[in-house]
Amino acid sequence: MSLPSPLPPLSSLPSLALARYRPVFAAPGALAFTLSGLLGRLALAMNGVSTVVLVADRRGSYALAGAVSAVGVLAGAVLLPLLGRLVDRLGQARVAVPAVLAAALPTGALLLCVRSGAPAWTLFLCWALSGGSPDLGSMARARWAHLHRADPAVLHRANALEQSLDELCFMAGPVLGMALCTALAPEAGLLTARVLGTAGTLLFAAQRATEPPPGRAPHRHRAGGLVRTPGLPPLLAVFLAAGVLFGSLEVTTLAYTDALGRQAAGGGLLALVAAGSCVSGLVFGAVRPRRPAARRLALGTGAMTALMLLPLAAGLSGAGVPLLGAALLAAGSGTAPTMVSGMTLAQRLLPAHRLTEGMALAVSAILVGISTGATLGGALAQHTAPGTGYLLPAGAAALALLAATRLARRDG
């Protein structure tokens, strides 16, 4: 009788998992647009921390810093679906290039207003006008859907890779932004982010071979009609709640480390959240999906809800940075499967000729949630004991679970 073949050593598992992603890059030009978009993603990851630290350091108020950051995010949420509609109609390069160039001027004005002591309303105005930068994530996911629409398994891996790349940038972005703001000047993080974002978008737009063709369907439709797509409202509710989780978690963590006298550690803690999500996203994408996307979304939000109790317990107990870091690393591992399943489901629900607009609408829901979470997190950080703000991400995860459960029941 022959013996069963031995299991591969643990050291080979990462390479085996990454080998599952080779079909994702089989299409010519896929690797080029993926790498070119990393600079833009890194810039987006730097914006939140850089803006909060800039305003908080120069104006001495986390409440104002969170509110300014929230207004910029909210402005982006309004503009992104409009830009997405133009992208579907005209093409990615024709919209992304002028949009990213137009957003540079108000960013520079914000830096000048903060440093010169201009009235607070000028900060809100400048950062709101900066929210018109194109969303590379939506455009990249539209490219993957165009390249791999005929193979759901490969598209699942592509979405997992996208989420992991997002998390990789959100792991490095806060650290880089915090390092620049604390080592050089409070303005250095945001200035660097704008330069990187502009360069990344221009390089991404230059990759024309993988760009989806403009939609040929009639464009006499409104975003409200897209929202009424069956199954999309509860999915947008999941994204909205996830955004509240992200926004409140970021501001609460920065304020918590500041209260401990270790402000520079805030970026590192946020990087641990992203690291946990990045690893779990790669592992999740390497596993062949066996359940419907709606069921996977419900399971992901359930795990996310349970894991968000860890930073809540650490924060309320007054734990130090190492213990809180371990809790945030574990909590981060629950977010990627939720986002991957949600984006996969969105691609299935949305019509092909409105895919970029629909993906931008999903991102907008996340951004509205981030703005809400940042505002509430800043207010709690200003008026309550350190760590109390971790109630917000835990509650938001529970709301995401309710919406995902409803969606899973709808799909049977």
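Tabulated data
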quantity: Residue check for Val244: over 17 Å from Ala374 (Cα atoms), touching a Ser or Thr at 6+ places or on another chain (Cβ under 8 Å), surrounded by 24 or more Cβ atoms within 10 Å (Cβ to Cβ) and modelled with pLDDT of 90 or more; calculated: no
quantity: Segments classed as helices (runs of 4 or more DSSP H), wholly inside region 161-270, with at least 1 members that are touching a strand residue (DSSP E or B) at 6+ places or on another chain (Cβ under 9 Å) and without any contact (Cβ under 8 Å) to a residue 40 or more places away in the chain; calculated: none
quantity: Test for Thr344: is it polar (S, T, N, Q), open to solvent by 10 Å² or more (accessible area, probe 1.4 Å) and over 19 Å from Leu155 (Cα atoms); calculated: no
quantity: Candidates Leu112, Leu136, filtered to the one that is free of Cβ contacts under 8 Å to residues at least 24 places away in the same chain and of a type in the set (A, V, I, L, M, F, W, C); calculated: Leu112
quantity: Of residues in region 171-185 being among the aliphatic types (A, V, I, L, M) and under 20 Å from Thr335 (Cβ atoms), the one surrounded by the most Cβ atoms within 10 Å (Cβ to Cβ); calculated: Met171
quantity: Count of residues meeting criterion [touching a residue at least 60 places away in the same chain (Cβ under 8 Å), of a type in the set (Ser, Thr, Tyr) and under 17 Å from Ala271 (Cβ atoms)] in region 299-338; calculated: 1
quantity: Residue tally, condition more than 20 Å from Gly243 (Cα to Cα) and at pLDDT 80 or above, over region 58-81; calculated: 1
quantity: Any hit, region 104-111, residues being within 22 Å of the chain's Cα centre (by Cα) and open to solvent by less than 30 Å² (accessible area, probe 1.4 Å); calculated: yes
quantity: Flag for Arg143 being buried (at least 17 other Cβ atoms within 10 Å of the Cβ) and not aliphatic (A, V, I, L, M); calculated: yes
quantity: Matching helices (runs of 4 or more DSSP H) fully within region 276-386 where at least 1 residues are closer than 23 Å to Arg41 by Cβ and touching a Gly at 6+ places or on another chain (Cβ under 6 Å); calculated: 293-307, 321-332, 335-349, 355-383
quantity: Residue satisfying condition, being closer than 28 Å to Ser280 by Cβ, out of contact with any Leu (no Cβ under 6 Å at 6 or more places or on another chain) and either open to solvent by 10 Å² or more (accessible area, probe 1.4 Å) or among the basic types (Lys, Arg) (or both), within set Ala160, Ala150; calculated: Ala150
quantity: Boolean, Met359 is of a type outside the set (Ser, Thr, Tyr), closer than 22 Å to Arg157 by Cα, crowded, with 24+ Cβ neighbours inside 10 Å and modelled with pLDDT under 85; calculated: yes
quantity: Members of region 42-72 that are under 16 Å from the mean Cα position of the chain (by Cα) and open to solvent by 20 Å² or more (accessible area, probe 1.4 Å); calculated: Leu42, Leu44, Asn47
quantity: Verdict on Ala275 being closer than 28 Å to Ala385 by Cα and buried (at least 18 other Cβ atoms within 10 Å of the Cβ); calculated: yes
quantity: Flag for Val195 being open to solvent by 10 Å² or more (accessible area, probe 1.4 Å), out of contact with any helix residue (DSSP H, G or I) (no Cβ under 7 Å at 6 or more places or on another chain) and at pLDDT 85 or above; calculated: yes
quantity: In region 1-33, the residues that are in contact with a helix residue (DSSP H, G or I) (Cβ under 7 Å, 6 or more places away or on another chain) and at pLDDT 50 or above; calculated: Ala17, Arg20, Tyr21, Pro23, Val24, Phe25, Ala27, Ala30, Leu31, Phe33
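The values are calculated or read from the model by the stated rules, or taken from the named source; none is laboratory data. Given the structure is predicted, the values throughout are model-derived calculations rather than measurements. Ideal geometry is used to build each Cβ from the backbone, glycine not excepted, and the neighbour counts take in all protein chains shown. Accessible surface is based on the protein model in full, side chains and every heavy atom, while ligands, DNA and RNA are left aside. Shrake-Rupley method; radii C 1.70, N 1.55, O 1.52, S 1.80 Å.
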